[in-house]
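Q: Here it is, the structure in full.
The values are calculated or read from the model by the stated rules, or taken from the named source; none is laboratory data. The shown structure was predicted, so the numbers you read here are calculated from the model rather than taken from an experiment. Note that each Cβ is placed from the backbone with ideal geometry, even for glycine, and that neighbours are counted across all protein chains shown. Surface accessibility is based on the protein's heavy atoms, side chains included, excluding ligands, DNA and RNA. Shrake-Rupley method; radii C 1.70, N 1.55, O 1.52, S 1.80 Å.
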Amino acid sequence: MPAESAAIEALLHVDDLAELLHTSPRQVRNMRARGQLPNAIKVPGLGLRWSGATIHRWVETLSGEGDSV
């Protein structure tokens, strides 16, 4: 669990986010283009990053969506 809490506080690269979501970086880029992900942060010289805390909250909201199906 310590690694998970460190990831929540980190800024995630597209590869990190793909690994966290168990998908490919290409799929993450497609999801971003379709507006299916939280907004990314543009870090000068590094590109797009996602807040680990924001992604964690987003995943928590998704886990509740399947309950009503």
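Q: So the check is Cβ under 6 Å with 6+ separation or different chains; which pairs have a first residue in segment 28-46 that's within 20 Å of Arg57 (Cα to Cα) and a second one that's surrounded by 13 or more Cβ atoms within 10 Å (Cβ to Cβ) and of a type in the set (D, E, K, R)?
A: Ile41/Arg49
Q: Exactly one of these conditions fails for Thr61: (1) in a helix (DSSP H, G or I); (2) open to solvent by 50 Å² or more (accessible area, probe 1.4 Å); (3) of a type in the set (Val, Ile, Thr); (4) at pLDDT 95 or above. Give me its number.
A: (4)
Q: Find the helices (runs of 4 or more DSSP H) located wholly in segment 1-55 whose residues include 3 or more that are at pLDDT 95 or above, and list them. Can you show your working first?
A: Numbers: elements: 2-9, 14-21, 25-33.
Fully inside segment 1-55 and qualifying: 14-21, 25-33.
Q: In segment 14-41, what count of residues is obtained for those that are in contact with a strand residue (DSSP E or B) (Cβ under 6 Å, 6 or more places away or on another chain) and exposed (fewer than 15 other Cβ atoms within 10 Å of the Cβ)?
A: So the first thing to find is which residues in segment 14-41 are in contact with a strand residue (DSSP E or B) (Cβ under 6 Å, 6 or more places away or on another chain), and the list is 17, 40-41.
Right, trim to exposed (fewer than 15 other Cβ atoms within 10 Å of the Cβ) and you get 41.
Going through segment 14-41 one residue at a time, the tally reaches 1.
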